Amino acid sequence: MNNLNVKYGKLSVLNNISFELKSNEIVGLVGNNGSGKTTLMKAILGFLKYEGEILFNKNKNYQYDKSQMQKIAMLLQENMYQNNTALFNLSIFENLNTFPSSKVDLKNRLSKYNLPEDKKLRGFSFGMKQRLRLALISREGYDLYILDEPFVGLDPIGVIELKNYLTELKNAGKTILISSHQLTELEFLADRYLYLNEKTIIEKNEIIGRRIIISSEIFDINKVYGKINEVNKNKNRIELPYDLNKLYEFLCILSESERSCLKIHIEPTLKMKSGVSE
């Protein structure tokens, strides 16, 4: 990808993005919600107009070549046919391929993901719909996998199984691009990271540490506790260095009822090639 630019009307969404994906690797595309991760993936798939150049197998016109597009697996958070069954949805997507899978194979794929073949999607939970999307890409013949937030809606066992499957694909020589706004989902899985920030890509290749994330949906943490020397902040979120003493200092300020309203978790941090951390 060279100098990619995407606009919605006059609004610039992605600016001057360039990177390369290689065989035998899993690349994490990370960034906050609304940073443009899905837009970037849709551009790769040819769903959006863009300026710049995208090549697949050295072919810049691959988006108009059915045989090339059939080598790309896509998992996007798009609506499916809600009033039809899982088997019907799977069959529709399979029929887009030159050599669609047999009905027996489709049923086996639904069974693998513990999905009923005759139940309409309007009765599916979000997690079930996500597993159906995974069933759509679980076939032979793909070289490139474009996966938008694939871990959303999966239970812990499902996450582990998907990570194992993606590792198998990588070891078989496939190329995988996975988006996530949660870096923890990609830790120990991705070989390198593309950080999408302020409409462009910053390549980062190493996890260098941890930070403590404290958030609340009940009250404005920073308004009440502005004296804390946080690393970063917004209305309902504070980022602290991975220092348990700093966390203890913060918690001691709070009342018991306020502490019960907090969510606390630990996130990894990335290092850019230039050596600057995020």
In segment 213-271, which residue that is over 25 Å from Gly28 (Cα atoms) and β-branched (Val, Ile, Thr) is modelled with the highest pLDDT?
Ile253
Checking Gly46 against (1) surrounded by 18 or more Cβ atoms within 10 Å (Cβ to Cβ); (2) on the phi > 0 side of the Ramachandran plot; (3) not charged (D, E, K, R), the condition it does not meet:
(1)
Pick from segment 147-193 the residues that are of a type in the set (Phe, Trp, Tyr) and more than 26 Å from Asn57 (Cα to Cα): which of them is surrounded by the most Cβ atoms within 10 Å (Cβ to Cβ)?
Phe151
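If I filter segment 14-28 for residues that are under 18 Å from Leu136 (Cβ atoms), out of contact with any helix residue (DSSP H, G or I) (no Cβ under 7 Å at 6 or more places or on another chain) and assigned to a loop (DSSP other than H, G, I, E, B), do I get at least one hit?
No, the conditions are met nowhere in segment 14-28.
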In segment 19-36, which residue that is in contact (Cβ under 8 Å) with a residue 24 or more places away in the chain and among the small types (Gly, Ala, Ser) is nearest to Lys66 (Cα to Cα)?
Ser23
Number of the exception - Lys37 against (1) exposed (fewer than 14 other Cβ atoms within 10 Å of the Cβ); (2) among the basic types (Lys, Arg); (3) within 20 Å of Lys7 (Cα to Cα):
(1)
Considering each residue of segment 118-133, count those that are surrounded by fewer than 16 Cβ atoms within 10 Å (Cβ to Cβ) and of a type in the set (S, T, N, Q), and give that number.
1
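Yes or no, residue by residue, for (1) among the aliphatic types (A, V, I, L, M); (2) closer than 27 Å to Met128 by Cβ; (3) without any contact (Cβ under 8 Å) to a residue 24 or more places away in the chain; (4) touching a His at 6+ places or on another chain (Cβ under 8 Å):
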residue: Asn2; (1), (2), (3), (4): no, no, no, no
residue: Ile17; (1), (2), (3), (4): yes, no, no, no
residue: Thr38; (1), (2), (3), (4): no, yes, no, no
residue: Phe47; (1), (2), (3), (4): no, yes, yes, no
residue: Tyr50; (1), (2), (3), (4): no, no, no, no
residue: Ser101; (1), (2), (3), (4): no, yes, no, no
Does segment 180-189 contain any residue that is more than 30 Å from Ile17 (Cα to Cα), assigned by TED's automatic domain parsing to the domain that holds Asn83 and at pLDDT below 90?
no
For the condition modelled with pLDDT of 95 or more and either in contact with a Phe, Trp or Tyr (Cβ under 8 Å, 6 or more places away or on another chain) or in the same structural domain as Leu40 (by TED's automatic domain parsing) (or both), what is the one hit in Leu136, Leu147, Leu96?
Leu147
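A quick yes/no check of all residues on (1) in contact (Cβ under 8 Å) with a residue 40 or more places away in the chain; (2) out of contact with any Cys (no Cβ under 8 Å at 6 or more places or on another chain); (3) charged (D, E, K, R):
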| residue | (1), (2), (3) |
| --- | --- |
| Lys120 | no, yes, yes |
| Phe124 | no, yes, no |
| Glu140 | no, yes, yes |
| Leu162 | no, yes, no |
| Leu166 | yes, yes, no |
| Asn171 | yes, yes, no |
| Leu186 | yes, yes, no |
Restricting segment 1-34 to residues that are closer than 18 Å to Leu177 by Cβ and among the hydroxyl-bearing types (Ser, Thr, Tyr), the one surrounded by the most Cβ atoms within 10 Å (Cβ to Cβ) turns out to be Ser18
For Gly34: the one exception among (1) part of a loop (DSSP other than H, G, I, E, B); (2) modelled with pLDDT of 90 or more; (3) of a type in the set (Gly, Ala, Ser):
(2)
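For every residue, the table says whether it meets (1) surrounded by fewer than 17 Cβ atoms within 10 Å (Cβ to Cβ); (2) in contact with a Pro (Cβ under 7 Å, 6 or more places away or on another chain); (3) in a helix (DSSP H, G or I).
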position: Pro116; (1), (2), (3): yes, no, no
position: Ala135; (1), (2), (3): no, no, yes
position: Ile202; (1), (2), (3): no, no, no
position: Ile212; (1), (2), (3): no, no, no
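The values are calculated or read from the model by the stated rules, or taken from the named source; none is laboratory data. If you're wondering where the values come from, they're calculated on a predicted model, not measured in any experiment. Methodologically, a virtual Cβ is constructed for each residue, glycine included, from the backbone with ideal geometry; neighbour enumeration extends over all protein chains shown.
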